[in-house]
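Quick note: the coordinates plus some simple rules give every number you see, no bench work behind them. All figures in this text were calculated on a predicted structure; none of them were measured in a lab. For neighbour counting, all protein chains shown are included, and Cβ atoms are generated from backbone atoms with ideal geometry for every residue, glycine included.
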Amino acid sequence: MRLMQGLMFDPLLDQLHFGLKQRGGVTLPLPEAFASKKTLRADGLIQSWLWKVPGFRRWRVTRLDLGQSLQVLNSVAYPDYTNDQPLMGVDLLWFGSRSKLVAVMDFQPLLQEKEYFDRHFNGLIELHSRYPDLNGDEIMRSFDPHIYFSPWLLFCRGGLELAEGTLPIAFNEFINCYWKLSEDVVKVPSRIPMIEVKQLQKNYDTYSSERDPAHGLFTSYFGKDWSNRYLREFLFPGSSI
């Protein structure tokens with residue numbers, strides 16, 4: 001069965017939200033303009049959620065619906081400062097008029113060091129080996145793949161078959177793999193001091209806010225003022241600290 005226009009990533013969004021609720025997550029209030037906003041032109045909508053989950057200081061989710069032009073599901077999880085595990089990043093884009101998928105899923109490391117990878121990335125390494133369709137070696141256009149990305153990044157550009165076939169299964173396994181990592185790390189003390197973890201997460205927000213390719217898109221559809229606020233206050237608030 002082919003996915004309906006406007007619903008490309010909704011099953012994955014529902015799955016993500018269900019998992020957050022299962023693990024004690026609760027949604028936090030957002031300014032009305034961030035929670036849901038219609039586009040200034042065309043018929044589009046952006047929706048956002050901010051979750052407080054045990055073990056995480058914030059977990060944000062964004063769904064952008066621009067019809068056949070573009071569908072986006074984006075999410076980033078920030079562990080508590082007492083936990084030095086990597087952030088979780090998901091960015092899925094579907095260009096319906098061109099039947100083109102771009103998928104990025106990764107455990108985003110705070111450090112690019114072997115000891116850090118050895119502690120936190122065994123699950124993702126195994127997952128990466130089982131999904132050759134998501135092992136694209138194309139150059140990332142907005143970010144340095146050696147900064148806040150792991151060598152086992154799940155990344156691809158593909159079509160409808162990949163979007164409807166491999167991606168939903170891989171997404172489920174990826175999220176479960178991150179939950180497993182979160183369960184395991186609480187059994188072992190963090191090796192990076194809390195104050196350093198806080199600074200590393202802040203550095204992540206600063207780096208990402210300066211290079212976020214979505215900012216231009218948001219500006220064109222929602223206006224400059226809203227887009228600047230959304231970037232600083234919701235997507236990467238650590239960049240303003």
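When the range 145-182 is filtered for residues that are assigned to a loop (DSSP other than H, G, I, E, B) and of a type in the set (F, W, Y), the ones remaining, listed by number, are Y148, F149, W152.
Please find, within the range 40-92, the residue that is farthest from the chain's Cα centre (by Cα) out of those that are charged (D, E, K, R) and more than 16 Å from L30 (Cα to Cα). For the range 40-92, the residue satisfying everything is R41. Among the candidates D91, D14, the residue that is without any contact (Cβ under 8 Å) to a residue 40 or more places away in the chain, of a type outside the set (A, V, I, L, M, F, W, C) and buried (at least 17 other Cβ atoms within 10 Å of the Cβ) is uniquely D91. Residues that are out of contact with any Asp or Glu (no Cβ under 9 Å at 6 or more places or on another chain), of a type outside the set (A, V, I, L, M, F, W, C) and surrounded by fewer than 20 Cβ atoms within 10 Å (Cβ to Cβ) within the range 61-75 comprise Q68, S69, listed in sequence order. Evaluation of Q47 against the conditions (1) surrounded by 18 or more Cβ atoms within 10 Å (Cβ to Cβ); (2) among the polar types (S, T, N, Q); (3) assigned to a strand (DSSP E or B) shows that the sole unmet condition is (1).
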